[in-house]
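Structure, as structure tokens:
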Amino acid sequence: MKAIVYKQYGSPDVLRLEDVPMPLPKDNEVQIKVKAASINSRDWDMLTGKPKLYRMIYGLLKPRYPIIGTDISGIVTEVGSLVKTIQVGDEVFGANPEDGFGAFAEYICLPDRLVCHKDTEMSFEEAACIPEAGLLAYQGLNSNNGIKAGQKVLINGGGGGAGTFAIQVAKHYGAHVTGVDSDNKLDTMLALGADEVLDYRKQDFCLNKQLYDFILDCQATRAYKNCRASLKPSGTYAAIGGKVSIILQLAFLGSLLPRKQGNKLGLVIYRPNVKDFKAMSDLIKTGIVRPVIDKCFKLNETPQAMHYFASGKFKGKIVISMSCE
């Protein structure tokens with residue numbers, strides 16, 4: 001089969017389209033013919049090997065996993081002996097963040113517990129956007145007892161992959177939503193239902209004297225101590241992505257960080273599971289949420305797609321589609 005392979009850390013230019021052995025499913029896995037995959041920040045971290053702390057996970061001197069990518073949709077072509085709920089021919093989507101990655105390829109094997117049936121009315125490209133970005137938005141907004149109707153919610157990075165999902169989910173919950181991102185994404189956030197938008201280059205939400213019930217930080221670039229002033233006394237700050245130094249601070253020192261009385265804060269750990277996949281899929285099926293796809297690239301165009309990802313100019317998700325024209 002064809003796959004995008006890399007053998008050293010670096011820019012997208014180290015990626016190569018090569019022939020590699022077809023993966024075979026274990027007893028609890030399904031083999032899937034990939035129809036579409038999507039790019040996440042994790043893929044960029046794996047490609048570049050930066051920050052270098054991540055090399056403890058991805059390989060100290062060279063990549064441990066030769067094929068990057070976690071999010072896929074496709075058609076099941078083989079099932080393991082212990083798989084009961086998925087059959088050959090099923091249209092599915094899922095993620096592989098734990099064991100080998102491998103989404104940027106013609107075939108992949110995933111544990112059945114990380115695979116969800118795709119609604120037939122949903123495109124493969126749309127389904128491939130859900131596994132990481134969709135779940136991080138959904139799980140983030142439901143963390144610490146979640147958000148309530150009428151609350152003021154700020155979503156930092158609202159024009160990106162998780163942010164575009166988060167704006168729509170928050171509006172569905174009845175929140176008043178403020179989206180923060182660069183100026184080229186303001187119209188997109190408004191079109192998704194944001195009540196207010198801020199250009200982070202011109203307005204620092206930490207200094208605008210507005211108080212929020214919930215801050216979902218998709219791009220944590222400010223220390224929590226700076227965001228704290230924008231929270232109501234009972235407000236919640238939840239980070240789902242951002243600078244490694246801030247993520248590590250929240251992960252290991254969150255309970256020690258000073259906060260207003262009643263504030264809650266923390267790092268939302270991505271937990272892929274079929275229940276949440278299904279919840280997001282249902283929101284899309286009913287028209288409440290729609291995946292925002294900026295561009296589709298062919299498999300052999302993955303280096304260009306990764307360069308585009310690095311530019312930060314994309315709105316929503318970038319998809320690698322096997323049927324892209």
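The values are calculated or read from the model by the stated rules, or taken from the named source; none is laboratory data. Remember, it's a predicted structure, so these values are computed and weren't measured experimentally. Note that we place each Cβ from the backbone using ideal geometry, even for glycine, and neighbour counts take in every protein chain shown. Just so you know, the surface numbers come from the protein's heavy atoms only, side chains and all, with ligands and any DNA or RNA stripped out. Shrake-Rupley method; radii C 1.70, N 1.55, O 1.52, S 1.80 Å.
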Leading residue by the ranking (surrounded by the fewest Cβ atoms within 10 Å (Cβ to Cβ)) among those in segment 208-220 that are at pLDDT below 90 and under 13 Å from V180 (Cα atoms): N208
Subset of segment 151-178 (residues that are surrounded by 24 or more Cβ atoms within 10 Å (Cβ to Cβ), outside any loop (DSSP other than H, G, I, E, B), out of contact with any Lys or Arg (no Cβ under 8 Å at 6 or more places or on another chain) and not β-branched (V, I, T)): L154, N156, A162, G163, F165, A166, A170
What number of residues within segment 41-80 are open to solvent by 20 Å² or more (accessible area, probe 1.4 Å), part of a loop (DSSP other than H, G, I, E, B) and of a type in the set (V, I, T)? 1
Given (1) out of contact with any helix residue (DSSP H, G or I) (no Cβ under 7 Å at 6 or more places or on another chain); (2) part of a loop (DSSP other than H, G, I, E, B); (3) aliphatic (A, V, I, L, M), index of the condition V83 fails: (1)
Restricting attention to segment 99-122, report how many residues are in contact with a strand residue (DSSP E or B) (Cβ under 8 Å, 6 or more places away or on another chain) and open to solvent by 30 Å² or more (accessible area, probe 1.4 Å). 6
Among the residues of segment 130-147, is any touching a residue at least 60 places away in the same chain (Cβ under 8 Å), of a type in the set (S, T, Y), in contact with a Gly (Cβ under 8 Å, 6 or more places away or on another chain) and outside any helix (DSSP H, G or I)? yes
In the set Q8, Q31, which member is touching a residue at least 24 places away in the same chain (Cβ under 8 Å) and either assigned to a loop (DSSP other than H, G, I, E, B) or open to solvent by 60 Å² or more (accessible area, probe 1.4 Å) (or both)? Q8
